[in-house]
């Protein structure tokens, strides 16, 4: 796949994930994410059963240039401290700015918070959209238990979520997102997002997709 200038399309990839728990007494630091950038981010996920591993798998078999930006993951805890988030988001901004990408694949959780920012995913998307402009596609992946916000929907071209709990399809979710991005770049599809927030909370413990009501719900959604 090539750009209008004839050079291979550049696809940026990044993975920044934490499921925050604001009831936890332990705050999150920048170091808790063990962040790496550039080629180190690629090597961390290459061949792994993660969303970014799925990105890499599809892109490595496509005629594009993969530009890894960042890989950062932290265990569940309270908000990321303000200075830590400034460093993490600032490094993401710098890497994406240098990439000159034609599209972005971004693995997020969908429930990350920081001091001063309740919607980290939405803010990272705002950074990406500011750099890439309104026309270059940005596709994100989210956990099945994401807190999807209107800002995420407005800034992403598509959102691809896990379909299993316990989560066993992270790699496949990444593959699906990457294939979708390829189709968007080729002009074959143009995703449209709709958003409606329902006034309910579902206990995660009863949300397994291999049995019970959630299994029936997911099967119905897949048929549709």
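Only the coordinates and a few stated rules stand behind these numbers; no lab work does. Quantities reported herein were computed from a predicted structural model and do not represent experimental measurements. Cβ placement follows ideal geometry from the backbone for every residue including glycine, while neighbour counts extend to all protein chains displayed.
A few remarks follow.
- Spacing of the two label points (7 Å from each Cα toward its C-beta) at residue 65 and residue 208, in nm: 4.8
- Within the chain, percent of DSSP bridges classed antiparallel, to nearest 5: 15
- Order of 195, 23 under a 10 Å beta carbon neighbour criterion, fewest first: 23, 195
- Rounded if a/c under 1.5, otherwise prolate or oblate - segment 55-134, Cα gyration tensor axes: prolate
- Spin-label model distance (nm) - residue 154 vs residue 21, 7 Å beyond Cα toward Cβ: 3.2
- Neighbour-count ranking [beta-carbon atoms within 10 angstrom, fewest first] of 15, 7: 7, 15
- Segment residue 75-residue 192, length gained on full extension (0.36 nm per residue, minus Cα span): 38.9 nm
- In terms of surrounding Cβ atoms within a 10 Å radius of their Cβ, 218, 152 rank from fewest to most as 218, 152.
- Set against the labelled values [x] 17.1, 53; [y] 17.2, 63; [z] 19.7, 72, Rg and Dmax of the Cα atoms in Å computed from this structure falls on [x].
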